[in-house]
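The values are calculated or read from the model by the stated rules, or taken from the named source; none is laboratory data. Keep in mind that what you see is a predicted model, and the values were worked out from it rather than measured. We place every Cβ from the backbone using ideal geometry, glycine too, and count neighbours over all the protein chains shown.
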Amino acid sequence: MILSISLWLLVAVLILWILLDPVSRISRAIFEVLIPLVNQKPIDLKNKFGEWAVVTGSTDGIGKAYAKELANRGFNLVLISRNAERLEKTKSEMLTISPNIQIKLISADFSKGRDVSVEIEPHLRDIPVGILVNNVGKQYTYPMYVGEVPEDELWDIINVNIGAATLMTRIVIPGMQKRQKGAIVNVSSGSELQPLPLMTVYAATKVYLRSFSEALRVEYNKFGITVQHLTPLFVNTKMNAFSHRLQVSTVAVPDATTYAKNAVATLGKIDSSTGYWAHGIQAFFTLIPPVWIRTKIGEMMNQTFRKDYLKQKNL
């Protein structure tokens, strides 16, 4: 009798353990969709975090749109990107939006590794950075098998996607800690939700960002520092230009401006989010199947995008 009860208890615990992870993941996905809808009261981000924001990868895509949204809210900006000419052009656009803000430009190529952070640090030494947006990222040119990806491209992906966020955080976080306030926004990718064949290394670097964000939040929460982890799914930007399917703005694939407007509105409200309500719904359904099914679906999706690119290239 006791043995039978023990076996049934063991089976019940095993079933609970099996169900706990997917239930937890799905619950988080529901939570992040509902929070922005329930809590629509805007937050005074300047008062909460400070008047200066640093945005990496700020001359295109999500980074540029996010910087514009911060400019709309009156933030002084430090824009970091590798192309000096495009930085100047972006600065002009920002000043058109908000002529009274201050804007500093830093030209830096994060693919060069550690030396870049050494160059950037003096420029930020006397700036009370309130928000750091670690947005700069490097994607595959198109979906490829690891053995096809040029070695230089692999190093660029690793240095930019992992090194930039880590070292930029290291530069600004002592000042935030001293002032007892600040926010670090790490822009990851929906590719982190499962292993992603044909974008293997890119997706793996985004898993690093998730782990980095979650641990950093625990380390610095007691100092009043917010660490937000954003997981956008497909956004209509040049980064996804390998397929025509991703170059048409829809509710599911928003343009960068729509995405950024929604993402900025979640800052200070939720620590981990896709940043956009429709992406939150997509993430909810994505996380229902077990990881092996999600991985297989990801492979099939990238095979389609690969064919799109190769067909486009051969026209």
> So is LYS112 within 20 Å of ILE225 (Cβ to Cβ), basic (Lys, Arg) and over 18 Å from the mean Cα position of the chain (by Cα) or not?
Replying inline: no
>> Every residue in region 278-315 that is in contact with a Ser or Thr (Cβ under 6 Å, 6 or more places away or on another chain) and either of a type in the set (Gly, Ala, Ser) or farther than 24 Å from ALA256 by Cβ (or both), please.
In response: GLY280, ALA283
> In region 246-266, how many are assigned to a helix (DSSP H, G or I) and closer than 20 Å to ASN302 by Cβ?
Replying inline: 1
> Of all the residues that make up region 209-245, how many are in contact with an Asp or Glu (Cβ under 9 Å, 6 or more places away or on another chain) and in a helix (DSSP H, G or I)?
Replying inline: 9
> Does at least one position in region 267-281 carry a residue that is among the basic types (Lys, Arg) and either modelled with pLDDT of 95 or more or outside any loop (DSSP other than H, G, I, E, B) (or both)?
Replying inline: no
> How many residues are within 23 Å of the chain's Cα centre (by Cα) and at pLDDT below 95 if we restrict to region 92-106?
Replying inline: 1
>> Return the residues of region 69-92 that are of a type in the set (Lys, Arg) and buried (at least 24 other Cβ atoms within 10 Å of the Cβ); say none if nothing qualifies.
In response: none
>> Which residue is surrounded by the most Cβ atoms within 10 Å (Cβ to Cβ), if the candidates are limited to region 230-253 and must be more than 19 Å from TYR140 (Cα to Cα) and out of contact with any helix residue (DSSP H, G or I) (no Cβ under 7 Å at 6 or more places or on another chain)?
In response: SER249
>> Give me the residue from region 144-178 that is assigned to a loop (DSSP other than H, G, I, E, B) and either at pLDDT below 95 or not aromatic (Phe, Trp, Tyr) (or both) and, out of that set, surrounded by the most Cβ atoms within 10 Å (Cβ to Cβ).
In response: MET144
>> So for region 220-229 (the condition being at pLDDT 95 or above, at positive phi and either within 12 Å of the chain's Cα centre (by Cα) or crowded, with 22+ Cβ neighbours inside 10 Å (or both)), does at least one residue qualify?
In response: no
>> Looking for something surrounded by 18 or more Cβ atoms within 10 Å (Cβ to Cβ), touching a residue at least 24 places away in the same chain (Cβ under 8 Å) and within 27 Å of ASN47 (Cβ to Cβ) - is there at least one such residue anywhere in region 205-213?
In response: yes
> Taking helices (runs of 4 or more DSSP H) that fall entirely within region 37-115, which contain at least 3 residues that are touching a residue at least 40 places away in the same chain (Cβ under 8 Å)?
Replying inline: 45-49, 61-72
> Out of all the residues in region 181-191, is one or more in a helix (DSSP H, G or I), out of contact with any strand residue (DSSP E or B) (no Cβ under 9 Å at 6 or more places or on another chain) and farther than 28 Å from ILE43 by Cα?
Replying inline: yes
> Can you tell me which of PHE223, PHE305, PHE285 is free of Cβ contacts under 8 Å to residues at least 40 places away in the same chain and of a type outside the set (A, V, I, L, M)?
Replying inline: PHE285
> Any idea which residue in region 120-143 is surrounded by the fewest Cβ atoms within 10 Å (Cβ to Cβ), counting only those that are in contact with a helix residue (DSSP H, G or I) (Cβ under 9 Å, 6 or more places away or on another chain) and assigned to a helix (DSSP H, G or I)?
Replying inline: GLU121
